[in-house]
Amino acid sequence: MKLFNPFLKFFIRRYLFGVLVTTQFYPIFKVLYRISLWGMNIGLGGGGVEDTGESHVLQMLSKDISRKNSKKILPLIFFDVGSNQGQFAKLVIKSLGEKVSLFCFEPSKNTFDTLTQNLEGFRNTKLYNFGLGERDQLLSLYADKEMSGHASLYDRKHFDKSTTKLVETVEIKSLDKFCSENKISHIHYLKLDVEGHELSVLNGSTKMLQAGAIDYIQFEFGGCNIDSRTYLRDFFEILSDNYDLFRLLRNGLAPIKTYDEILEVFTTTNFIAKLKSL
């Protein structure tokens, strides 16, 4: 068999690829490539919570977290960074109810006002009208429309070709400093949806990360990372020593054991990092 494998590889590369890697077959493989991406939940991360798998995975992880936290003092600490109008926050409340203490961060003033209205009456939520990043600073937030889910700290010229853009100056703070000031020593679930600024948030969380004080991290990766010039490799470098990484699917998690350049696909995808010591 060992003798056969090199021959088979030679045959495939020399003859089979010689036939298939041609202009005639290119359109077919282009369609198959797109279907393959969808089958791995790549490019579907910007849809609803059922499409992305967030609903199923949150229920699964909440059971796991609750079981391991059963002998500890509740509530579970959830950070929703980039809350927008509260879509994910409502899902967390629906899944966990009174078990969770939810911290929501939304830097846009108008979007924050809507978030406040949408979460009115939920006692276990704390809302903050600023974003998180590497350090305390003021930055410009670019949006294609009011309360946009695509609002970003990066001017996404290739994404939004409209001549009119809404630009707003927003406040950014580091997660480490926020946790220190608010005496938060542990985060059970950190969700990041900040349109390309995810790595910056993690860079501002180094003390909590190094202390193993964050159990799960959910982050988006996609076209926004082109604008922020960040790669999936950067997330591996900052997380892989202490965390296992997974791709979020509709009905669970697919492990990513090692980094490979083929993972660098810049279309919206959700990933989960799980603390190895859990």
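The values are calculated or read from the model by the stated rules, or taken from the named source; none is laboratory data. Everything numeric here is computed off the predicted structure, so don't read it as measured data. All Cβ positions, even for glycine, are placed from backbone atoms using ideal geometry, and neighbour counts span all protein chains on display.
Worth a mention:
- The lone exception for Ile172 - which of (1) over 22 Å from Thr52 (Cα atoms); (2) free of Cβ contacts under 8 Å to residues at least 60 places away in the same chain; (3) more than 17 Å from the chain's Cα centre (by Cα) it fails: (2)
- Among the candidates Asp176, Asp215, residue that is acidic (Asp, Glu), touching a His at 6+ places or on another chain (Cβ under 7 Å) and not in a loop (DSSP other than H, G, I, E, B): Asp215
So that you can scan it fast, the table gives a plain yes or no per residue for (1) farther than 23 Å from Gly86 by Cα; (2) in contact with a helix residue (DSSP H, G or I) (Cβ under 9 Å, 6 or more places away or on another chain); (3) part of a strand (DSSP E or B):
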residue: Lys145; (1), (2), (3): no, no, no
residue: Gly149; (1), (2), (3): no, yes, no
residue: Glu168; (1), (2), (3): no, yes, yes
residue: Ser185; (1), (2), (3): yes, yes, no
residue: Leu209; (1), (2), (3): yes, yes, no
residue: Thr230; (1), (2), (3): yes, yes, no
residue: Phe236; (1), (2), (3): yes, yes, no
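- Members of the stretch 55-74 that are assigned to a loop (DSSP other than H, G, I, E, B) and either modelled with pLDDT of 75 or more or among the small types (Gly, Ala, Ser) (or both): Ser70
- Conditions (1) in contact (Cβ under 8 Å) with a residue 60 or more places away in the chain; (2) within 18 Å of Asp227 (Cα to Cα); (3) surrounded by fewer than 17 Cβ atoms within 10 Å (Cβ to Cβ); (4) not charged (D, E, K, R); number of the one not met by Ser140: (1)
- Residue that is farthest from Ala89 (Cα to Cα) [pool: residues in the stretch 36-54 that are at pLDDT 80 or above and in a loop (DSSP other than H, G, I, E, B)]: Met40
Per-residue answers, yes or no, for (1) surrounded by fewer than 18 Cβ atoms within 10 Å (Cβ to Cβ); (2) under 20 Å from Ser101 (Cβ atoms):
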{"site": "Leu166", "(1), (2)": "yes, no"}
{"site": "Lys173", "(1), (2)": "no, yes"}
{"site": "Ser185", "(1), (2)": "yes, yes"}
{"site": "His188", "(1), (2)": "no, yes"}
{"site": "Leu192", "(1), (2)": "no, yes"}
{"site": "Glu198", "(1), (2)": "no, no"}
{"site": "Lys207", "(1), (2)": "yes, no"}
{"site": "Ala211", "(1), (2)": "yes, yes"}
{"site": "Gln218", "(1), (2)": "no, yes"}
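- Residue in the stretch 259-271 that is buried (at least 23 other Cβ atoms within 10 Å of the Cβ) and touching a helix residue (DSSP H, G or I) at 6+ places or on another chain (Cβ under 7 Å) present: yes
- Qualifying residue in the stretch 146-157 (condition: surrounded by 15 or more Cβ atoms within 10 Å (Cβ to Cβ), at pLDDT below 95 and under 20 Å from Phe246 (Cα atoms)): no
- Which listed residue, of Ser200, Ser240, Ser228, is without any contact (Cβ under 8 Å) to a residue 60 or more places away in the chain and in the same structural domain as Phe78 (by TED's automatic domain parsing): Ser240
- Candidates Tyr33, Tyr15 - the one that is in a helix (DSSP H, G or I), among the hydroxyl-bearing types (Ser, Thr, Tyr) and modelled with pLDDT under 70: Tyr15
- Checking each residue in the stretch 218-230 for being in contact with a strand residue (DSSP E or B) (Cβ under 9 Å, 6 or more places away or on another chain) and closer than 20 Å to Leu37 by Cα picks out Gln218, Phe219, Glu220, Phe221, Gly222, Cys224.
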